Every structure is written in structure tokens, then in C-alpha cells.
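Reading through the C-alpha cells given below for one structure.
The values are calculated or read from the model by the stated rules, or taken from the named source; none is laboratory data. In this text, all values refer to a predicted model and were calculated from it rather than measured experimentally. Glycine gets a Cβ as well: all are built from the backbone with ideal geometry, and neighbour counts include every protein chain shown. All accessible areas refer to the heavy atoms of the entire protein, side chains included, with ligands and DNA or RNA removed. Shrake-Rupley method; radii C 1.70, N 1.55, O 1.52, S 1.80 Å.
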Amino acid sequence: MSEKETAYQKCINPDCGAEFDRGQPLFKCPECGELLDACYDWNRVEVPEKLSDFAKRWATRSNRLDFSGVWRFRELLNFCEDKYKISIGEGQTILQKNDSVAKYVDMKPGCLFLQYEGLNPSGSFKDNGMTAAFSHAIMVGATSCACASTGNTSASVALYAQSCGIKCTVFIGSGRIAFGKLSQAMDYGAQTIQILGDFDDCMKQVQSVCTELGLYLLNSLNPFRLEGQKTIMFRIIEALGWEVPDWIVVPGGNLGNSSAFGKAFFELKQLGLINKIPRLAIINATGADTLTDMVNNKKLAWNNGKVNQQIIDDFYADLTRRSFSPHTCASAIEISRPVNLKKCLRAIDVCKGVVRAVTDAEILDAKAVIGKYGLGCEPASAATIAGLKHLRTEGIIGSDERVACVLTGHPLKDPNVTVNYHKDKLGIFSNPPIEAPNDLDAIIKLIK
Ligand code: F0G
């Protein structure tokens with residue numbers, strides 16, 4: 001690395017710890033192959049004295065960077081100059097107190113909050129990450145980019161690529177992607193390549209394609225993308241009057257969010273901007289529960305960065321031997337080889353995290369409850385409420401603790417799952433349409 005700048009990249013493996021320039025588009029440590037972090041020399045960053053100082057930006061919302069729910073916290077993700085920053089209005093999301101959903105999970109009124117990330121321009125939390133990653137892509141002069149996706153990443157990448165004038169190719173697994181998401185990638189003009197395989201196959205291929213062709217990679221292996229996702233936590237704290245909740249609950253797929261959230265809290269604590277770190281609950285689907293199995297059964301842990309690689313290698317070798325492909329109605333988190341596994345283990349360590357897996361039936365009922373009483377969400381997002389219900393039953397989360405669940409995607413992302421649940425009466429909250437003859441009296445009799 002040339003003379004050390006304020007922001008740089010660093011390998012997360014403590015035995016390696018190699019550092020690289022922020023201007024190098026990397027997605028793995030060139031020395032040892034491990035994940036990379038975006039790091040800062042905080043002594044050279046003008047960080048506000050207290051988090052509430054960020055509220056000043058509300059008065060200057062005509063500045064597009066102050067309007068962005070990501071860039072209004074820009075001192076905490078200070079890796080590129082303002083002139084490179086792209087924003088299309090991401091992060092205008094809200095934290096809603098929801099007492100009806102709280103009742104469903106046996107929590108006291110006033111304790112449960114839903115962070116609805118479906119309000120983002122492409123309808124999912126991914127836009128928080130893409131505004132950051134695309135700003136980096138512009139900074140390094142990328143002209144062509146790619147990603148693998150279960151759907152939302154591709155929608156977000158396609159939208160931002162089009163806004164930046166960068167050529168874009170997205171890789172999706174065959175038959176696994178929800179219709180709303182597929183429609184977005186095509187509509188935003190991305191070259192969409194459907195591989196005969198699942199997300200994990202796509203993830204592997206896209207890394208090789210990016211290396212061979214020099215394309216800019218936008219999956220959460222990209223350390224700058226995760227910097228943008230940290231701001232979901234900043235907005236939750238902001239909405240709670242700059243207070244930290246007791247728990248954050250998040251679905252676990254490729255484990256980018258959980259990794260970013262852990263990093264966000266670690267840095268805020270290190271900077272003296274918060275005095276306590278919330279606990280993190282990461283929720284898998286039972287049909288794609290690599291993290292749950294490895295952490296709860298195989299006892300895989302961060303262990304100061306000395307992660308037991310043998311456990312991971314044996315686990316994946318077994319998946320290969322069984323030709324295992326994950327399956328869940330929550331297609332967004334249908335992933336069995338999460339690329340951010342080690343960063344997520346670090347987040348679990350920082351946030352005293354817990355991991356659980358929930359069934360598709362539990363996800364679908366929770367989704368219907370969020371639809372009925374909240375703003376709705378896609379299936380993967382509902383894993384949070386299903387997981388919280390488990391953790392309440394187990395007594396791990398108290399009924400009066402303050403909990404924020406991240407609803408990662410919009411309900412219209414996956415209308416098929418919703419329609420089938422209601423029309424085919426798949427759960428206790430099914431609300432199918434009632435057929436009526438074309439006759440006024442008969443219609444009136446049906447109105448409850
Ligand atoms: N929720 C939704 C709606 C998602 O789209 C994803 C991931 C997740 C949760 C899991 O988040 O990977 O940070 O643990 N979707 C990716 C995609 C994989 O390709 O759209 P994670």
C-alpha cells in the first residue's frame with residue numbers, strides 16, 4: 001500500500017492483516033483469500049461528538065447527500081470524496097412501533113419495532129449497500145459490473161448501474177427467483193444470465209467471471225457495500241431518539257447485513273458514540289440453515305479471528321457429497337454457503353448474538369401477521385418475527401426488552417407466495433377472496 005490514507009482495506013484474518021489501498025477493487029485478500037474490511041484512521045475523520053449531531057442534516061435536506069438515509073451519516077463511512085457519491089433517494093425508511101405484531105410474539109406494548117426497508121427505491125435494503133458500492137465503483141472508474149443474486153441484489157444493482165451508466169450483468173439461479181425481482185432486473189436493462197444451478201453456484205461463477213473479465217463485483221463480498229448497510233442501524237438508533245435497542249433481529253442469507261450491523265456497533269462503541277452494544281439475533285430458514293447448524297451444533301465461533309476452518313470445510317464437503325441444494329419459500333435466503341460467514345461470526349462475538357432457524361410455515365404465518373398489522377414484507381423478512389417468537393418462547397428475549405426487526409424487502413417482491421398462502425389456505429391467517437354471484441342481495445349477505 002502507498003502512503004496510508006484515511007480509508008483503506010484490511011484482511012480480517014489476524015494472521016494475515018494485509019492492508020490495501022481503498023482504490024483497489026478487491027473482493028478477497030490477494031495474500032490469503034480471506035474477507036476484507038473497509039477501515040478508517042478515525043483520528044483523521046471528523047466524526048461528530050455525539051450521534052444526535054447528525055440531526056442537523058435534517059435541516060439541509062435539499063442537499064442530496066443530506067437527504068440520503070445513507071450519506072447523511074457519511075463521516076461513519078468515509079471512504080470516498082463527495083463528488084463520486086451517487087444517491088437515488090435510498091434510506092428513506094421508517095422504524096414503526098407495532099403493538100399488534102408485538103402481541104403475536106408475546107411482547108409488551110411499546111417494545112417491538114419494525115424497520116421497514118421495503119421503502120427503498122428498488123424495494124429492499126440492498127439499496128443501502130449499492131449506493132456505497134457504486135460510489136466506490138465510480139471512484140475507481142469501473143465501466144462494467146456484475147453480481148450473483150437471489151433477486152434483490154440484482155434488482156438493486158440493475159437500478160444503480162443504470163443510474164450511473166455502468167454496464168451490468170446479473171447471475172441468477174434457475175427457477176429460484178421471485179417474479180417481482182426478476183421483472184426489475186429485466187426492466188432496468190440488466191443483462192440477466194440464468195445459470196442452471198442455485199445461488200451458491202451463481203456466487204462461485206460470478207467471482208470467476210469478475211476476475212477473468214475485470215468486472216466490478218457488487219455482492220456483499222465487496223467491503224464498501226457493507227459500509228452502506230451499516231446505516232440501517234444508524235437510522236434505527238436515530239428513530240429511537242439516539243438510543244440503542246436491546247435487540248436487533250435480522251434474516252440471515254449471505255450474512256452481509258449481520259456482518260455490517262456488527263461492524264457498525266463495534267465502531268460506534270469504539271468511537272464513544274454509544275455506550276452499549278445491542279444483541280443480535282440472526283434467523284435462517286430451516287431449509288437453508290448453515291449458520292444455525294455450524295454455530296449451535298458444530299460450535300463454530302469467531303475465536304479472536306482464529307476460526308476453525310476444518311469445521312467449515314467438513315460441513316461444505318458434506319453438502320457436496322449429498323448434492324445438497326437449499327430449499328425455502330423465503331427464496332431471498334435460500335443460501336447454503338454464505339460468503340460472509342466469518343464476518344458474521346465476528347458480529348455474533350461483538351453483539352453476543354444468537355442464531356435460530358424457522359420453518360416455512362412459521363415464516364408464512366409471521367408474514368401474514370406483518371401484512372395484516374404492519375406494512376407487509378417479503379417472506380425472508382418475516383423470518384425475523386418467526387425467529388423472535390421462538391426466542392420469546394425460550395425466554396431468551398424478554399417481553400419488555402426493546403427489539404427492532406429488520407424487514408428487508410417489500411411485499412410485492414414475491415406476490416406468488418402471498419397469493420398462494422391466502423388462496424390455498426396454507427396458514428391460520430389465510431384471507432382468501434370470497435366468490436359471490438353477480439347479485440346485489442347475495443353480495444350484501446356476504447359482507448361481515
Ligand atoms: N432479506 C432479503 C429480502 C434479501 O434479499 C436477502 C438477501 C436477505 C434478507 C439476506 O441478507 O445476505 O445480508 O444475510 N438477498 C441476496 C440477494 C442474497 O441476492 O438478493 P444477507
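Residues in the stretch 1-37 that are exposed (fewer than 15 other Cβ atoms within 10 Å of the Cβ), closer than 18 Å to L76 by Cα and in contact (Cβ under 8 Å) with a residue 40 or more places away in the chain: 1 in all. Out of the residues in the stretch 122-143 meeting the condition of being open to solvent by 20 Å² or more (accessible area, probe 1.4 Å) and away from the ligand (no atom under 16 Å from the Cβ), tell me which one is farthest from E81 (Cα to Cα). Of everything passing the filter in the stretch 122-143, T143 is farthest from E81 (Cα to Cα).
A count restricted to the stretch 290-340 and to residues that are more than 30 Å from N416 (Cα to Cα) and within 15 Å of the ligand (Cβ to nearest atom) stands at 2.
When D293, D314 are screened for being more than 27 Å from Y8 (Cα to Cα) and without any contact (Cβ under 8 Å) to a residue 12 or more places away in the chain, only D314 passes. Selection of the stretch 253-280 for residues being away from the ligand (no atom under 12 Å from the Cβ) and on the phi > 0 side of the Ramachandran plot yields only G272.
Out of curiosity, is C80 over 19 Å from the mean Cα position of the chain (by Cα), surrounded by fewer than 24 Cβ atoms within 10 Å (Cβ to Cβ), not charged (D, E, K, R) and not in a helix (DSSP H, G or I)?
Numbers: over 19 Å from the mean Cα position of the chain (by Cα): yes; surrounded by fewer than 24 Cβ atoms within 10 Å (Cβ to Cβ): yes; not charged (D, E, K, R): yes; not in a helix (DSSP H, G or I): yes.
Taking the combined requirement at face value, the residue satisfies it.
Report, by residue number, each residue of the stretch 420-434 that is of a type outside the set (K, R) and outside any loop (DSSP other than H, G, I, E, B). Selection gives N420, Y421, H422.
Being away from the ligand (no atom under 15 Å from the Cβ) and assigned to a helix (DSSP H, G or I) is the filter; apply it to the stretch 389-413 and report the residue that is surrounded by the fewest Cβ atoms within 10 Å (Cβ to Cβ). Per the criteria, the residue is T393.
Hey, among E75, E49, which residue is open to solvent by 20 Å² or more (accessible area, probe 1.4 Å) and free of Cβ contacts under 8 Å to residues at least 12 places away in the same chain? After ruling out the rest, the residue left standing is E49.
Selection over the stretch 371-383 of residues that are within 9 Å of the ligand (Cβ to nearest atom) and part of a helix (DSSP H, G or I) gives a count of 4. Condition check for A442 on (1) in the same structural domain as A281 (by TED's automatic domain parsing); (2) open to solvent by less than 60 Å² (accessible area, probe 1.4 Å); (3) not basic (K, R): one failure, at (1). Does L217 satisfy being in contact with a Cys (Cβ under 7 Å, 6 or more places away or on another chain), closer than 21 Å to K10 by Cα and within 16 Å of the ligand (Cβ to nearest atom)? Taking the combined requirement at face value, the residue satisfies it.
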